[in-house]
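Have a look at the structure below before the remarks.
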Amino acid sequence: MRAVRVILAIAVALALQTTLARFAIGGTAALDIVLVVVVYVALTSGPVTGLLAGTLAGLIQDAMASGIVGIGGLAKTIVGFLAGVVGTQFIVAAAFPRFVVFLAATLVHAVVFMGLYVLLDLRHFPSPYAAVFGQGVTNALVGVIGFRLLESVPVLVDRRRAARRTGRRV
């Protein structure tokens, strides 16, 4: 059941990402929803699930984009694994540590992605620092808010069930 949820989350993120792709800043998307989902899955499920989610999401995203298939997949695979390791080794329950993880994941993703393109001499990125940092902050904000919203869903469901049992309205 968890695998179905992860695949569904990746599919929704890919659909949203392709819909929002037209809002690009300097050739870089202002938000990478797929990366946010991969990091969320890794933090909640561990490094192996993060690795698999990153691989699946990255390869599908690569196949949908015009570029080398595998570079984005490798970048998201590494990020998913590292975020899962961080989630199992450190307490990442408060908003600030989660913000730092999402920001660091975006930076690592950009370093691996752009680094491989430059290493293979396929593309050059003239000073991408501001765009990458902006995307990192945006990803981190969306990730922290999304985490908070998804954590509140079970609480709201429990309150609603309790209210139904007692016969009062929520």
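The values are calculated or read from the model by the stated rules, or taken from the named source; none is laboratory data. Model, not experiment: these values are computed from the prediction. Note that we place each Cβ from the backbone using ideal geometry, even for glycine, and neighbour counts take in every protein chain shown.
Restricting attention to the range 80-122 and to residues that are more than 22 Å from Leu31 (Cβ to Cβ) and without any contact (Cβ under 8 Å) to a residue 24 or more places away in the chain, the residue that is farthest from the chain's Cα centre (by Cα) turns out to be Asp121. Among the residues of the range 123-162, those identified as assigned to a helix (DSSP H, G or I), free of Cβ contacts under 8 Å to residues at least 12 places away in the same chain and of a type in the set (Gly, Ala, Ser) are Ser152, Ala162. On the given criteria, is Val108 at pLDDT 95 or above and surrounded by fewer than 21 Cβ atoms within 10 Å (Cβ to Cβ)? Spelling it out, Val108 is indeed at pLDDT 95 or above and surrounded by fewer than 21 Cβ atoms within 10 Å (Cβ to Cβ). Figure legend. Inter-residue proximity from the range 1-29: first residues closer than 22 Å to Val132 by Cα, second residues surrounded by 13 or more Cβ atoms within 10 Å (Cβ to Cβ) and at pLDDT below 75, beta-carbon distance below 8 Å, spacing 6+ or different chains. Indicated pairs: Gln17/Ala29; Leu20/Ala29; Ala21/Ala29; Phe23/Ala29.
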